[in-house]
Amino acid sequence: MPDIAATLYHDYDEGNGGTIREVARRHGVNYNTARRLIAEYRNSLANAQPAPPDPVVPADVTEETLRRVLREHGIDRAAAISGAWVKDGEYSIYVRMPEPDLRIDEVMDRHIKRLQAAAPAYRVPTVRISGAYTVVPQVYDLHLGKLAVDETHTLARQVEDYLRAIDGMLAFVKQRGYDVSRFIFPVGNDLMHVDTMHGTTTKGTPVESSTSPLNMFDAALEATHEAIRRLATVAPVDVVSVPGNHDYLMSYCLAKALEASFARHPHVTVDAGHNPRKYRRVGPTALAFQHGHAVKASAMAGQFLMEAGELVAGARYYVVMQGHLHRQGGVYHAVTEDNGVQVRTIPSLCKADQYHLLRGYGAARAAELHLFHCEYGPAGIFPVFPHELPDTQEQADTAAPLRAVA
């Protein structure tokens, strides 16, 4: 029995056989069905790849000549030549590329292990392991490489502000004599402005940048590595990766680089896990870290139970730290509560670009230090405005030393 699709297509003959409705009537087929079958058959003909003719290599063309042509065009020397055509001195060479021996994840694992083995052994001052407070330095949404409206907020200045914020936080805990048991240090949260070599966000949205994505990554690694090193001179540091909506992939790569760099540091751990939300427990307080662009605050009560498991059992306080929105509220930035979960929106440290200026989006540029007591729960929030603290390092150096803990 002939293929009805082919019969309809050839009878229709691109309109030479009458309209599709007339062709359908002649063959007793529904009009819509006929139209669909004709289109599908036409597409199948267009997609069909005719088998190439058997290649013929002229007798006077040697393999050495063909290899030379391939080298001139940058073709892998491991490619196998299956044939060639020669037309007026132009070569058409059929090659078959070799299958890769390793998958990309295997290559990554191999290089990560090599970096871990080569990571330096750090000499750090003796730090106090027992203390009353867990301190969370939060530098969110720096957007390294973002093109500010006045174009003065250069990449170097952004890194300087980042480290100034860290120094301001260290000065604060020293001056007030807080007994710090550890730092939880979120890394990511749109630290970089783009996620692709095409200058777009993770989703593919084009944005204005002042530099290349490679320079952004180098600056991010420099800033976070130095910040962790400074924090680790005071107390152990628990680094948690929190990918943003601008730099989801780049944040993960940054966390893996930090994980390898501090692999042999006695007081630094790096959580580069794939979960976009990270959870920690500080005495009676369950903490969640997320960027804030995917899961709404009202849904975080359920996320705590589904993702954090036993870590949240028996907690008296549930606190979510997130960025992204930067709504102004309260004294500095928004602290809201949904279903018993307190959601703290951390301010952004970056300057406005043309897009945000046009739409009137603006908020105070700041970082924040959050304190949690090991017995009593949330203990305070301290804002840092690094662009207003030019002598932060001097303040930290002259501050009173931390109180020793027995």
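The values are calculated or read from the model by the stated rules, or taken from the named source; none is laboratory data. Because the structure is predicted, anything quoted here is derived from the model rather than measured. Note that each Cβ is placed from the backbone with ideal geometry, even for glycine, and that neighbours are counted across all protein chains shown. All accessible areas refer to the heavy atoms of the entire protein, side chains included, with ligands and DNA or RNA removed. Shrake-Rupley method; radii C 1.70, N 1.55, O 1.52, S 1.80 Å.
So, in the stretch 125-142, exactly how many residues are surrounded by 24 or more Cβ atoms within 10 Å (Cβ to Cβ), part of a loop (DSSP other than H, G, I, E, B) and modelled with pLDDT of 85 or more?
1
Is one or more of the residues making up the stretch 255-265 assigned to a loop (DSSP other than H, G, I, E, B) and under 14 Å from the mean Cα position of the chain (by Cα)?
no
Restrict the check to the stretch 174-185 and report whether at least one residue is open to solvent by less than 10 Å² (accessible area, probe 1.4 Å), under 18 Å from PRO383 (Cα atoms) and within 19 Å of the chain's Cα centre (by Cα).
Yes, some residue in the stretch 174-185 is open to solvent by less than 10 Å² (accessible area, probe 1.4 Å), under 18 Å from PRO383 (Cα atoms) and within 19 Å of the chain's Cα centre (by Cα).
With respect to HIS198, is the statement that it is in a loop (DSSP other than H, G, I, E, B) and either open to solvent by less than 40 Å² (accessible area, probe 1.4 Å) or of a type in the set (Asp, Glu) (or both) true?
For HIS198, the condition - in a loop (DSSP other than H, G, I, E, B) and either open to solvent by less than 40 Å² (accessible area, probe 1.4 Å) or of a type in the set (Asp, Glu) (or both) - is not met.
If I go through the stretch 205-238 residue by residue, how many of them are open to solvent by 40 Å² or more (accessible area, probe 1.4 Å) and over 20 Å from TYR162 (Cβ atoms)?
Count: 3.
So which of PHE289, PHE382 is surrounded by fewer than 21 Cβ atoms within 10 Å (Cβ to Cβ) and modelled with pLDDT of 75 or more?
After ruling out the rest, the residue left standing is PHE382.
Would you confirm whether any residue within the stretch 53-60 is open to solvent by 70 Å² or more (accessible area, probe 1.4 Å) and modelled with pLDDT of 75 or more?
no
In the set ASN189, ASN275, which member is open to solvent by 40 Å² or more (accessible area, probe 1.4 Å) and either of a type outside the set (Phe, Trp, Tyr) or at positive phi (or both)?
Going through ASN189, ASN275 in turn, the sole match is ASN275.
Inside the stretch 182-213, can you point out the residues that are at pLDDT 90 or above and out of contact with any Pro (no Cβ under 8 Å at 6 or more places or on another chain)?
ILE184, PRO186, VAL187
Of all the residues that make up the stretch 147-167, how many are at pLDDT below 85 and either farther than 24 Å from THR200 by Cα or small (Gly, Ala, Ser) (or both)?
So the count comes out to 1.
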